[in-house]
Amino acid sequence: MPVYTEKDYPPLPVVQRVGIIGAGQMGGGIAQVAAVSGFDVVLMDVKQEPLDGALELMNRLLDRQIKKGTMSAGDRDEALARVQTATAMSALGNCDLVVEAATEDEGIKRKIFKELVENVKDDAIIASNTSSISITRLAAATDRPERFIGMHFMNPVPAMKLVEVIRGIATAEDTYQSIKSLCEKLGKTAVTAEDFPAFIVNRILLPMINEAVYTLYEGVGTVESIDTAMKLGANHPMGPLELADFIGLDTCLSVMQVLYDGLADSKYRPCPLLVKYVEAGWLGRKVKRGFYDYRGEIPVPTR
């Protein structure tokens, strides 16, 4: 594959067609927001099942907007018609921007990027939705570090207004400006974060969640008392353990490990109880069990 220097890099395209890799909660949400904003979308995953699930969820969420009166049935149908699904990387060949939204695992992401650059056009921008991993390192797995950037959307994507935009050491200024402009077209507010472990939001949020798990681990409070205390005592809309379940305990652990490894500070050491829950496969809402058990009508604390 060709390796470009900043001088001979192809001019940036006007972003009209957006590719998204990964049809999970984040990827599906990004696809929905892009389609509603008027962009053609290619949502790609290795299996058809998550793609079908993403389309079903998208339809359901847009139907809610119709019931609220914030969207017409015609607008919903037009948005859904803009979304194409695919199980092959080659389907992303005509995209102007490809956003990777795969699992928070650096090895998997690097493997995806190595395959992606063989399939996209030379002037395409590549972005990662990583919540914690170095953009500079991920960019090095591609043939275009100048055209590589971090776009960290918040979960759930349709409801949350923020996107963290992260430049790697080689990210070109026009790439950065193009993505900032795109965020505005998506109805999002972009904040610039430097390429440090976990960026801004997770650098602050995840240690708080990890400390809540330590508080549980050390017997200071129960799941219910910790979450109630933070909701009523700090006016948080969701308790930290409930929020951890919503994010996914595996994702929480991954971010804490990135912070601990990247900053070499003991205050970021993942709580052993968080590790134990992940090892048990109790990853939160997505598997119906985490700090709460979601298998019944009402979530019940598991500890």
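The values are calculated or read from the model by the stated rules, or taken from the named source; none is laboratory data. Since the structure is predicted, the reported quantities are computational estimates derived from the model, not experimental observations. Note that each Cβ is placed from the backbone with ideal geometry, even for glycine, and that neighbours are counted across all protein chains shown.
Limited to segment 215-266, what total is found for residues that are aliphatic (A, V, I, L, M) and on the phi > 0 side of the Ramachandran plot? Before the answer, list the steps.
Going through segment 215-266, the residues aliphatic (A, V, I, L, M) turn out to be 216, 220, 223, 226, 229-230, 232, 234, 238, 241, 243-244, 247, 249, 253, 255-256, 258-259, 263-264.
Retained after the next criterion (residues that are on the phi > 0 side of the Ramachandran plot): 264.
Qualifying residue count, segment 215-266: 1.
Filter segment 21-48 down to the residues that are among the aliphatic types (A, V, I, L, M) and in a helix (DSSP H, G or I), then identify the one that is nearest to residue 181 (Cα to Cα).
Filtering first and then ranking leaves 34.
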Review point. Considering 287, 220, 258, 275, which residue is without any contact (Cβ under 8 Å) to a residue 60 or more places away in the chain, within 22 Å of residue 154 (Cα to Cα) and outside the structural domain of residue 24 (by TED's automatic domain parsing)?
Key: 287
**Study point:** Single residue of segment 172-194 satisfying the filter (farther than 24 Å from residue 122 by Cα and polar (S, T, N, Q)) that is surrounded by the fewest Cβ atoms within 10 Å (Cβ to Cβ)
**Key:** 189
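Of all the helices (runs of 4 or more DSSP H) wholly in segment 87-194, which have at least 1 residues that are within 23 Å of residue 255 (Cα to Cα) and either within 19 Å of the chain's Cα centre (by Cα) or among the β-branched types (Val, Ile, Thr) (or both)? Outline the logic, then answer.
Working: elements: 106-116, 135-139, 173-185.
Output list reads 106-116, 135-139.
Pick from segment 227-281 the residues that are in a helix (DSSP H, G or I) and polar (S, T, N, Q): which of them is nearest to residue 300 (Cα to Cα)? Lay out the reasoning, then the answer.
Within segment 227-281, the subset in a helix (DSSP H, G or I) is 227-233, 240-247, 249-263, 266-268, 272-279.
Checking which are polar (S, T, N, Q) leaves us with 228, 251, 254, 257, 266.
Working: 228: 14, 251: 22, 254: 25, 257: 28, 266: 32 Å.
Ranking the qualifying residues of segment 227-281, first place goes to 228.
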Check your understanding: Restricting to segment 57-73, what's the tally of residues that are assigned to a helix (DSSP H, G or I) and surrounded by 11 or more Cβ atoms within 10 Å (Cβ to Cβ)?
Key -> 9
Practice item. Kindly indicate whether any position in segment 37-46 is touching a Cys at 6+ places or on another chain (Cβ under 6 Å) and among the small types (Gly, Ala, Ser). Key: no
Practice item. Kindly indicate the residue of segment 195-209 that is out of contact with any Lys or Arg (no Cβ under 8 Å at 6 or more places or on another chain) and part of a helix (DSSP H, G or I) and also surrounded by the fewest Cβ atoms within 10 Å (Cβ to Cβ) among those meeting that condition. Key: 204
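Report yes if residue 100 is in the same structural domain as residue 155 (by TED's automatic domain parsing), in contact with a strand residue (DSSP E or B) (Cβ under 9 Å, 6 or more places away or on another chain) and closer than 21 Å to residue 145 by Cα, otherwise no.
Yes: the conditions hold for residue 100.
Taking only segment 29-51 into account, find how many residues are touching a residue at least 12 places away in the same chain (Cβ under 8 Å) and either farther than 30 Å from residue 170 by Cβ or outside the structural domain of residue 127 (by TED's automatic domain parsing) (or both). Talk me through it step by step, then tell me what you get.
Looking only at segment 29-51, we keep the residues that are touching a residue at least 12 places away in the same chain (Cβ under 8 Å), and these are 29-48, 50-51.
When the remaining residues are screened for being either farther than 30 Å from residue 170 by Cβ or outside the structural domain of residue 127 (by TED's automatic domain parsing) (or both), the result is 32, 35-36, 38, 47-48, 50-51.
Residues in segment 29-51 being touching a residue at least 12 places away in the same chain (Cβ under 8 Å) and either farther than 30 Å from residue 170 by Cβ or outside the structural domain of residue 127 (by TED's automatic domain parsing) (or both): 8 in total.
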Exercise for review: Give me a count of the residues in segment 140-187 that are β-branched (Val, Ile, Thr), touching a Ser or Thr at 6+ places or on another chain (Cβ under 7 Å) and more than 17 Å from residue 34 (Cβ to Cβ).
Suggested key: 1
Check your understanding: Cβ-Cβ below 7 Å, separation at least six or inter-chain, first residue in segment 64-86 and in the same structural domain as residue 36 (by TED's automatic domain parsing), second in a strand (DSSP E or B) and hydrophobic (A, V, I, L, M, F, W, C): which pairs?
Key -> 82/41; 83/41; 83/43; 84/41; 84/42; 85/43; 86/42; 86/44
